[in-house]
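Asks: Have a look at this one before I ask anything.
Bear in mind these aren't lab numbers, they're just calculated from the coordinates by the rules spelled out. Given the structure is predicted, the values throughout are model-derived calculations rather than measurements. All Cβ positions, even for glycine, are placed from backbone atoms using ideal geometry, and neighbour counts span all protein chains on display.
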Amino acid sequence: MKYQFPKDFMWGVATAAAQIEGAAFEDGRGPSIWDVFSRIPGKIHGGDLPEVACDSYHRYEEDIALMKKMGIRSYRFSFSWSRIIPDGTGEINPEGIRYYKNLIACLKKNGIVPNATMYHWDLPYALQIQGGFGNRNIVQWFCRYAGVLLDNFGEDVDLWVTFNEPIAVYVGHAYGFFAPGLKDEKYARQCLHNLMLCHGEAVKLFRSRKLANAKIGIVVDVWKHYPAREGNEEDEAIATFQNEIAGYGMFLHPLFLGGYSDELTRYMKEKDMTPEIREGDMDVICQKLDFYGLNFYNGLYDNADEIRKREEIRKAGGNYQDRPVYHEEAIRDVLHMLVEKYGITIPIYVTENGLMQEDGPDVEKILNDEERIRYVRNVLKALHGAMEDGICVKGYYLWSLLDNFEWSGGYSMRYGLHYTNYKTLERVPKKSAGWYAQVIADDGFEE
Ligand code: GCO
């Protein structure tokens, strides 16, 4: 059967500033929370630092040439706040503006549509020491930054994203394994509330600019949890918790339905973690958007007995390696949920999807990434199914163009269509790059 996608389907690749740019201390850039966090011993796998990463700050033309060669139609990247306004609120850095102007001009010259994220996890450190997202002034700080972006690039970016995966801010404040490395769930809940206000105010600002061709949305990742044993109350309770209280429900409910869900409201009350919510906040958060960006990696099945077993091994100091089980097909159900539960009828882009490979000495093995091809093909099949069901999906962005700095995983986790040699900074296409290029050329694949 032929999995045929529409002729104007937006085939893309995605990256993020902190993961690829490097040049962390060049041309006036200020430190971000990831520059600081990664210097804390033990936080990043292998002690890796994001300071050079893929050096895309200097090699963006080469990266765009790779995209051009593959026939990529759209590039999803992010702006680095600390490159644009090094201390978060003060002077605008002309070198930062120049870099993104050049990047966008080069994309346009090559016929690649820019899809740009304002915030992909890399807060200027100067703002973190003033409380970061926990300080309600973040709304003014962020709006100033968003205004600078819109002043300089407003017309040139077709698709604007306010925030990428806001859950990272929760992880960084409640669990500590992302920057800034705090472990305070109550504070984390306030951060998320303030972050969503930043989003809402930025959308209002964007609307006031009346940019003729630009659209705006947000990217929320959905890792949907399912009870492993249907009808098992324990499994079901875990899945509900993971979805509504510690997962996508934290965002999708306020963003698309308005207000926090009953489950989350009850939970925050019980734990004395209800954030400060001022009158009108929930209306600001629930803005009408032009599109929704879905980051999808997997569907997860929770089995209470197995979770307990793992906990026991961990408590006893044991080691276990979870073999990832892939449920690529879950994307179809997730897309249905977006429409049916959250009423999302605006166009949807899959703004990230991809597969991790562990680093190792055998480069040939990494280049021959059959597993990635199989995984992406399965996702695309399920996505195609959802589109046949009538769900409006306009594009798909593979994560990622090239192996890059995978946050706490450092350089040990490779998601690229291209292999990055971190010694020479050479990029080498993997098998999947050729395969994806063919999918794009044919607007689908035969199977
Ligand atoms: C995300 C992150 C990416 C990760 C990718 C793989 O938005 O999830 O933006 O930066 O690298 O998800 O884990």
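Asks: Over region 66-117, what relative contact order in percent results from Cα pairs under 8 Å that are six or more residues apart?
Replies: Once normalised by length, the contact order is 50 percent.
Asks: Taking a ≥ b ≥ c as the square roots of the Cα gyration tensor eigenvalues, with a/c under 1.5 meaning rounded and otherwise prolate when a/b beats b/c, else oblate, which class fits region 218-290?
Replies: Oblate.
Asks: Quick check on packing: order 269-281, 202-214, 9-21 by the mean number of other C-beta atoms within 10 Å, highest mean leading.
Replies: Taking the mean over residues of other Cβ atoms within 10 Å, the ranking is 9-21, 202-214, 269-281.
Asks: What is the sum of charges around Pro86, taking Lys and Arg as +1, Asp and Glu as -1, for the other residues whose C-beta is under 15 Å from the C-beta of Pro86?
Replies: -4
Asks: Once you have the alpha carbon radius of gyration of region 34-127, what is it after dividing by 2.2 N^0.38 Å, with N set to its residue count?
Replies: With N residues counted in region 34-127, Rg over 2.2 N^0.38 Å equals 1.21.
Asks: Let me ask another. Put +1 on the Cβ of each Lys and Arg and -1 on the Cβ of each Asp and Glu in region 120-185; which of Ile129, Leu159, Leu149 then has its Cα farthest toward the positive end of the dipole?
Replies: Checked the options; the winner is Ile129.
Asks: If you count, for each residue, the other Cβ atoms within 10 Å and average over each peptide, how do 430-436, 306-312 line up from highest to lowest?
Replies: Going from most to least packed, we get 430-436, 306-312.
Asks: Right, next: Using the Cα centre of the chain as the reference point, and only Cβ charges (+1 on K/R, -1 on D/E), how large is the resulting charge dipole? Debye, rounded to the nearest 20.
Replies: Computed charge dipole of the chain: roughly 920 debye.
Asks: Can you work out the Karplus-derived ³J(HN,Hα) for every residue in region 71-88? Use 6.51 cos²θ - 1.76 cosθ + 1.60 with θ = phi - 60°, whole Hz, and x for glycine or proline.
Replies: x, 4, 9, 8, 10, 9, 9, 10, 7, 9, 4, 6, 8, 7, 10, x, 9, x
Asks: Would you calculate a helix-derived [θ] at 222 nm for the chain, using -39,500 (n - 2.57) for each DSSP H run of n ≥ 4 and dividing by the full residue count, to the nearest 500?
Replies: Taking each H run of at least 4 residues, the total per residue is -11500 deg cm²/dmol.
Asks: Which of Tyr60, Ala17, Ala437 sits closest to the plus end of the dipole of the chain, meaning its Cα is farthest towards the positive end, when Lys and Arg get +1 and Asp and Glu get -1 on the C-beta?
Replies: Most positive-ward Cα: Tyr60.
Asks: Between Asp262 and Thr240, 0.36 nm times their residue separation minus their Cα-Cα distance comes to what?
Replies: 6.7 nm is the gain from fully extending Asp262 to Thr240.
Asks: Enumerate the lysines that Lys341 could reach by cross-link, defined here as Cα to Cα under 17 Å, with residues fewer than 8 away along the same chain left out.
Replies: Here the lysines satisfying the reach criterion relative to Lys341 are Lys224, Lys288.
Asks: Where does region 132-183 land on Rg/Rh, using Cα atoms and the Kirkwood Rh?
Replies: Looking at region 132-183, the ratio lands at 1.09.
Asks: Check Asn303: other-chain or 5+ apart residues with amide H under 5 Å from its amide H, H built from backbone geometry?
Replies: So Asn303 has HN proximity to Ala228.
Asks: Apply the Karplus parameterisation 6.51 cos²θ - 1.76 cosθ + 1.60, with θ equal to phi minus 60°, to every residue of region 193-207 and state each ³J(HN,Hα) to the nearest whole Hz, in sequence, with x for glycine and proline.
Replies: 4, 5, 4, 5, 5, 4, 4, x, 5, 5, 5, 4, 4, 4, 4
Asks: Taking amide hydrogens as modeled 1.01 Å from N in the peptide plane, which residues meet the under 5 Å criterion relative to Val393, leaving out close sequence neighbours?
Replies: Under 5 Å from the amide H of Val393: Ile348.
Asks: Okay, moving on. Let a ≥ b ≥ c be the square roots of the eigenvalues of the Cα gyration tensor of the chain; is it rounded (a/c under 1.5), or, if not, prolate (a/b larger than b/c) or oblate?
Replies: rounded
Asks: Right, here's the next one. Applying the Karplus parametrisation 6.51 cos²θ - 1.76 cosθ + 1.60 with θ = phi - 60° to the phi angles of region 125-136, what ³J(HN,Hα) value in whole Hz is obtained for each residue in order, glycine and proline being reported as x?
Replies: Here the 3J(HN,Hα) series is 4, 4, 7, 4, 6, 9, x, x, 5, x, 8, 4 Hz.
Asks: Would you mind checking Lys69/Lys365; Lys43/Lys69; Lys183/Lys381 for any pair whose Cα atoms are more than 30 angstrom apart?
Replies: Lys43/Lys69; Lys183/Lys381
Asks: Compare Gly318, Gly258, Gly131 in a GNM of the chain, Cα atoms joined below 10 Å, and give the one with the largest fluctuation.
Replies: Fluctuation is largest for Gly318.
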